[in-house]
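Down below is the structure, laid out as structure tokens.
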Amino acid sequence: MKYEIDNIKKNEYNEVVNIWEASVRATHHFLKEEDIQYFKPLIFNTYLDAVELKCIRNEKGEITGFLGAADQNLEMLFIHPDYRGRQIGKALLNFSIEKMNVRKVDVNEQNDQAVGFYRKYGFETTSRSELDSSGKPYPTLHMELRINYC
């Protein structure tokens, strides 16, 4: 399926954060509730403004998945759980590689699905950190694109 990639406007940040939370709850089972509540305002108030945001929308114009990239790093890629398995992640990742020159991504080591997803599309682990970027005890894999399989 061919998806159209669209920009995200600041007035859509609530919708984006809702997708982030739904996706995290569906895939990041290792996170504690207090971690989700800790990150949620950071996503809204800081992280979204620090990246170039792109999305895919459904037929009603609602965002179904989004990415955020900066300086060749894929900083975020989240798909609403109702839309998983429809190649939205692949389309967004491919766009980020081809149009935004993404070459790196950091992934929570416990998020097996995401680690497998990035490996499938040519990313390899180059290093590992015991703590995430916020200093929380969630090991992070630092991955780089070696071969583009998208």
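Rolling a 1.4 Å probe over the protein heavy atoms leaves M100 with an accessible area of roughly 30 Å². Note on the chain: with neighbouring protein chains present and a 1.4 Å probe, carbon and sulfur make up 45 percent of its accessible heavy-atom surface.
So for the chain, Kirkwood radius off the Cα pairs, Stokes-Einstein at 37 °C and 0.692 mPa s: how many µm² s⁻¹?
The estimated diffusion coefficient comes to 211 µm²/s.
At an R0 of 25 angstrom, the distance between the Cβ atoms of N7 and S133 translates into a FRET efficiency of 0.50.
Ligands, DNA and RNA aside, R146 has an accessible area near 130 Å² when probed at 1.4 Å.
Loop-located GluC sites (Glu not before Pro) in the stretch 84-136 (DSSP state not H, G, I, E or B) with no more than 13 neighbouring Cβ atoms inside 10 Å: E130.
Among the GluC sites (Glu not before Pro) in the stretch 1-34, those placed in a DSSP loop whose Cβ has at most 15 other Cβ atoms within 10 Å are E4.
List, in the order given, every pair from K40/K104; K54/K136; K9/K60; K10/K40; K99/K136; K60/K120 whose Cα-Cα distance in the structure shown is over 25 Å. Correct reply: K54/K136; K99/K136; K60/K120. Scanning residues 5 or more positions from Y138 or on other chains, those with amide H under 5 Å from its amide H are D132, with H placed 1.01 Å from N in the peptide plane.
What is the distance in Å between the Cα centres of the stretch 78-150 and the stretch 1-31? Taking the Cα centre of the stretch 1-31 as reference, the centre of the stretch 78-150 is 15 Å away.
Taking 0.36 nm per residue of sequence separation and removing the Cα-Cα distance, the Q72/N58 pair yields an extension gain of 2.3 nm.
Spin-label pair Q113-K99: with each label point 7 Å from Cα along the Cα-Cβ axis, the two points sit 2.5 nm from one another. Based on C-alpha pairs under 8 angstrom that are at least 6 apart in sequence, the chain has a relative contact order of 19 percent. What accessible area per residue comes out for the chain, rounded to a whole number of Å², with a 1.4 Å probe? Counting only protein heavy atoms, the per-residue value for the chain is 55 Å².
Compute the length gained on full extension between D82 and R146: take 0.36 nm times their separation in residues and subtract their Cα-Cα distance, giving the result in nm to one decimal.
20.0 nm
The values are calculated or read from the model by the stated rules, or taken from the named source; none is laboratory data. It should be emphasised that the depicted structure is a prediction, and the values quoted were computed from it without experimental measurement. When we count neighbours, we look across all protein chains shown, and the Cβ atoms used for this are built from the backbone with ideal geometry, even at glycine. Areas reflect the complete protein model, heavy atoms only, side chains present, ligands, DNA and RNA absent. Shrake-Rupley method; radii C 1.70, N 1.55, O 1.52, S 1.80 Å.
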